Each structure stands twice: as C-alpha cells, then as structure tokens.
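Report on the structure given below.
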Amino acid sequence: MTQRGAGGGEPPDDYLEAAIQRLLTERTEIAEQGITVSRRDHSVVLCGEVESAQRREEILRLVLEHFPEVPVMVDIGLIRTQAPTEVEELR
Amino acid sequence: MVIRIAAVGDVHLDKDVVGRFRPALEQLPDSADVLLLAGDLTRHGTESEARCVATEFGNLGVPVVAVLGNHDHHCDEVPAVIRTLEDAGILVLEGTNVVLDCAGVRLGIAGAKGFGGGFAGRCASEFGEPEMKAFVRTTSAIADQLGEALREMDCDVRVALTHYAPVPDTLAGEPPEIYPFLGSYLLGQAIDSAPTELALHGHAHAGTERGTTPGGVRVRNVAHPVIKQAYSVFHLHPPYAGATAGKVSAISARGSS
Ligand SMILES: [Fe+2]
Ligand SMILES: [Fe+2]
C-alpha cells in the first residue's frame, strides 16, 4: 500500500476508476454502464455516448460532487436517432 | 417476398429521452413490417419509465415485440413494467414466442432476456458456491426456454430476440474481462437448436454489429450505441435457396393451408 490513499484524501488511481464507474452505474438517476473512465496524466477522462444532454450534465455534476479534488475531462456524445438510410439484405 | 425487420435495443428511456426517436419511428411503417426491441428499454426499470417506452414505441402502425434487459429488472417492478408495455400494444417475450403474419409469410419470433456466463473455453461452470451454481443455472434455464420457444414454432422464418449476447463476435470492442457478464454460449446453442434465420441482441454498448453462431446463424448486435441510428432494418428473403428440411416442410405446410 502506498502512502497516497492513506491520508483519506484522494484514493489511489485504480480505486478511483472503479469508484467512478460504480457511481455512474449504481446511482439510479444515472444508471449508466456505457461510460469508460480512464486516467490521463493527472486528470480523469469520461468517454462514451448517452441518450440525452441532461444525462451528460448529470454525469459531470455527480462526478464533480463526489470527487471534487480530481480534474475531470468529459468527452461524452449524444447517440444519434435518425432513421436508417440503408437496409441490410440477408440472403 | 421480403420480410422487413426493424430492431433496436438499449434505448434506456426516461422522460429526458421521450420524443427523440419519434421522428424516425413515424417513418418506420414505410420500411418495416415489425419492430423488435432488444431489452434495456428503460433507464432502471420503473413503471414510470415504462410509460415513457409506451409513449415512444406505442401506436406505431406495425407490431412491436420486445424482450426486457437487465436495466428493466433493476427496480424489481418487472410485472408492472410488462403490464405498462403490453397495455400500449408492445408484446413482451420471456422464454415465449409469437408468430406474425407478414403478407402471407409466417414470421416466428422467440425471445428471452438471456443472462451471462461467458463463452466456450472461458465460461462459468455449475460448480462450487451456491451463488455460482445459481448464476449458471439461471442462464441454462433461460437458454432451455429459448431453444424450446424457437423449436416449437410453426412458421416460415424464425428470428431469435435476446438482450444478452449469444456469441462473442458481437462483443468485439468490449473489454474481454467482462465477456462473461455480456452473454453466454448457451444462448447460441439454443439458437442453433432450431433453423433460425437471424438472432438479434443488445446489451454490449461497446460491441460490434455482426457475428455468426457456430451453427451459421447470423447474429446482429442492435444496441443503440452500436448502430448509432434510431433502428436498423434487415431484409429476410424466404424461401431460401438450399433450404433445410425443416424449412421445406414449413413451406409445404403453408401451401396446403
Ligand atoms: Fe443497455
Ligand atoms: Fe443491458
């Protein structure tokens, strides 16, 4: 065990990723399993696609609220909902 | 003669999403005979979210057939969720089937949520702790029901609809460590136990579209984040050249009726 997490401040990186992932999945106002959480230097990057702009904002708000010490980058898009322009022929 | 099947899964609806799919859905009856929903219809399985699904996917002008996903189970309100969907005319399959008449061709759809366990060589076994045995038994019971539901249909074209994946092919893009939570080879085996034409599933948001069962059945992952459009449309062309004995007898049965 390194000293980093021992002070009760910022959790070690591996645990931080898992904690954010579980937060996004298990908080029912989010219930999002499709977001990947990865580290880049000293920040955490949230990547993926969601069904509405509100969800993207909720995710950011929740992560900032629970991990105020961690710099967060958000790269979350909206999944497109246009009608298909092509069909797949299965013969 | 073409059967046109529209499908999407993992729409994860709540109030914030209602209306987003509707413009594309209004055009659906022009391009498809049926819409199949591959589970995770709600955000976390409440009755109020199911009402959002009913609003968005009800009254389409074509039959809508669904299976539930793990998100639809989260709040333990499954009976209320199913009732809400069925009140809106959305048929929910769980180890059951339905045969629809598509301009004289009988389209059989068998559906089940499915469950995890993993794929040949890297799968969980019914061994050890009760929790582990219960996990594997859950999947095998669901797979048995799916196989039975597929085989017993008297129809011209068979389609299997699940939430969990029947093959690992369509999981490519997901971390390999989580494959056992995304599907089971037992579902693939069930699909291969009948002359199935197409198997549709969702659940693997980071997976890929195309795969095949060991028995040669085409598999498509129609999770919304994978197809990146309101729904996909597949054209099936019965009767097939080189049809199996099962298909030939189904065709002659139709001819004599
Ligand atoms: Fe999903
Ligand atoms: Fe799912």
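Annotations
- If you go through segment B:65-107 and keep only what is within 16 Å of ligand 1 (Cβ to nearest atom) and open to solvent by less than 20 Å² (accessible area, probe 1.4 Å), you end up with B:A66, B:V67, B:L68, B:G69, B:H71, B:D72, B:V81.
- When segment A:30-44 is limited to residues that are more than 16 Å from ligand 1 (Cβ to nearest atom) and surrounded by 14 or more Cβ atoms within 10 Å (Cβ to Cβ), the one that is nearest to the other protein chains (Cβ to nearest Cβ) turns out to be A:V37.
- Residue list for segment B:181-209, filter: open to solvent by 10 Å² or more (accessible area, probe 1.4 Å), away from chain A (no Cβ under 14 Å) and within 14 Å of ligand 2 (Cβ to nearest atom): none
- Of all residues in segment A:45-78, those satisfying the criterion of being within 14 Å of chain B (Cβ to nearest Cβ) and among the acidic types (D, E) are A:E49, A:E51, A:E57, A:E58.
- The residue that is surrounded by the fewest Cβ atoms within 10 Å (Cβ to Cβ), among those in segment B:110-137 that are touching a Leu at 6+ places or on another chain (Cβ under 6 Å) and among the aliphatic types (A, V, I, L, M), is B:A112.
- Residue list for segment B:14-43, restricted to those being buried (at least 24 other Cβ atoms within 10 Å of the Cβ) and within 19 Å of B:R83 (Cα to Cα): B:L36, B:L37, B:A38, B:G39, B:D40, B:L41, B:T42, B:R43
- Residue selected from segment B:146-169 under the condition among the hydrophobic types (A, V, I, L, M, F, W, C) and within 16 Å of ligand 1 (Cβ to nearest atom), by the criterion nearest to B:L100 (Cα to Cα): B:L161
- Restricting segment A:46-91 to residues that are under 16 Å from B:V11 (Cβ atoms) and assigned to a loop (DSSP other than H, G, I, E, B), the residue that is most open to solvent (accessible area, probe 1.4 Å) is A:R80.
- Any hit, segment B:170-178, residues being within 16 Å of ligand 1 (Cβ to nearest atom), among the polar types (S, T, N, Q) and without any contact (Cβ under 8 Å) to a residue 60 or more places away in the chain: yes
- From B:H73, B:H12, residue being more than 22 Å from A:R80 (Cα to Cα) and within 16 Å of ligand 2 (Cβ to nearest atom): B:H73
The values are calculated or read from the model by the stated rules, or taken from the named source; none is laboratory data. Computed from a predicted structure; not experimentally measured. Heads up, the Cβs are rebuilt from the backbone with ideal geometry, glycines too, and the neighbour counts pull from every protein chain shown. Just so you know, the surface numbers come from the protein's heavy atoms only, side chains and all, with ligands and any DNA or RNA stripped out. Shrake-Rupley method; radii C 1.70, N 1.55, O 1.52, S 1.80 Å.
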